[in-house]
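What follows is a set of notes on a single structure, which appears directly below.
The values are calculated or read from the model by the stated rules, or taken from the named source; none is laboratory data. Values in this document were obtained by computation on a predicted structure and should not be read as measured data. Every residue, glycine as well, gets a Cβ built from its backbone with ideal geometry; the counts of neighbours run over all protein chains shown. Surface areas here come from the heavy atoms of the whole protein model, side chains and all, with no ligands, DNA or RNA. Shrake-Rupley method; radii C 1.70, N 1.55, O 1.52, S 1.80 Å.
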Amino acid sequence: MQRVNLSTVSEFVFVGLSDAPEIRLLLFVLFLLIYLATMAGNIMFLVAIGTDSHLHSPMYFFLGNLSLLDILCPTITVPKMLGALLLEHKEISFSGCLFQHFALIDVVGTEIFLLTVMAYDRYVAVCHPLRYPSIMSTKLCAQLAVGTWATGLLNSLLHTSLVFTLSFCGPNKIQQYYCDIPPVLALSCSSTHSRELVILVVAGVLGSSACVVTVVSYIYILLEILARNSPGIWHKAFSTCGSHLTIVCLFYGTTICTYVRPSSAYSLHLDRVMSMLYAMLTPLLNPIIYSLRNKEIKCALKRVINQVRRAL
């Protein structure tokens, strides 16, 4: 059997951020504050959901999974980026790059499938409110959660095996601040066309399937709202689905722009901006978006903050 991994590159170098010392320090402080705020917000969200019995429902169970993913996503990339900014340690080993790539694709894929499951949950809540507890049972919620994590894992295994079994024998400078698919593929000294095609097909099939389920769920929600035509139904539906729909648009938009396209369309500056949006800002905004219009979350977070204050 022919060996598929003929790599002679033992490490990669990140060159995705400015080399100017004054800008590096400014970026370090900015990204550190964003990272700390993201960790604090999502950890408080998890604590609030776990300690408040009023939030022990399918919707908040899935929100807890989303917060966990929003903790993992920046943790995979940001600490290494902060080290590169502060200590100028921009190197990462081949195995370290592989693991970072695998973990990031796993988290991103899992979040896409989780948002799809959450769309179905919102469909059941709006269109079948009386049957909601029986349909979204504890067993089904657990199965859906395990299914999203398992699918994200398998998707990541496929993508990582396609990328890191290529030959890397030339330049090792990654034009990004973490090991992502497009910039790593650009460094391969072997043909990547067939693997790019497989990656695009798999991402297209899985992404479009998730998108179709989400869109169909919201079409049924819209039809149900129009059929009822009762006072206050629009406000109730928006309070139920508005936060999820906002997060779906933000996450899907940035992810599709980053991944679902060939490497020939790779834009250095645009991809850095897009990757920062879904890897840093989206995890920061998710708990904020869900807290703005949700009174139960607001009350639970206030109780957590008051408990922390008393403990301090």
Cα gyration tensor shape for the range 1-130, rounded if a/c is under 1.5, else prolate or oblate: oblate
Given charges at Cβ of Lys, Arg, Asp, Glu: the chain dipole, positive-most of 281, 230, 138: 230
Within a Gaussian network of the chain (alpha carbon springs, distance under 10 Å), most fluctuating of 135, 112, 43: 135
Between helix 58-87 and the chain: long-axis angle, C-alpha atoms, 0 to 90°, nearest 10: 30 degrees
Mean Cβ neighbour count within 10 Å, used as a protection proxy, ranking 32-39, 172-179 highest first: 172-179, 32-39
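Please calculate how many Å² of accessible area the chain carries per residue, with a 1.4 Å probe and no DNA, RNA or ligand atoms counted.
Details: 15360 Å² over 312 residues.
Result: 49 Å² per residue.
Per the 1.4 Å probe, what fraction of the accessible area of the range 11-311, in percent, lies on carbon and sulfur atoms? Provide the component values of the computation, followed by the final result.
On the way: 10120 of 14140 Å².
Accessible surface attributable to carbon and sulfur in the range 11-311 totals 72 percent.
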With Cα atoms, 0 to 90° folded angle of helix 21-51 axis to the chain main axis: 40 degrees
Farthest positive-ward along the range 11-311 dipole, Cα basis, beta-carbon charges - from 32, 78, 304: 304
Helix 295-311 vs. the chain, principal-axis angle (Cα, 0 to 90°, nearest 10): 70 degrees
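Under 15 Å from the Cβ of residue 73, count the other residues' Cβ atoms, weight Lys and Arg +1, Asp and Glu -1, and hand me the total.
So the environment of residue 73 carries a net charge of -3.
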Whole-Hz ³J(HN,Hα) from phi, Karplus 6.51 cos²θ - 1.76 cosθ + 1.60, for the range 138-155, glycine and proline x: 4, 5, 5, 4, 5, 5, 5, 5, 4, x, 5, 5, 5, 5, x, 5, 5, 4
Other-chain or far-sequence residues with amide H under 5 Å of residue 173's (modelled H): 13
In the chain, lysine pairs closer than 30 Å at Cα, eight or more apart or cross-chain: 9
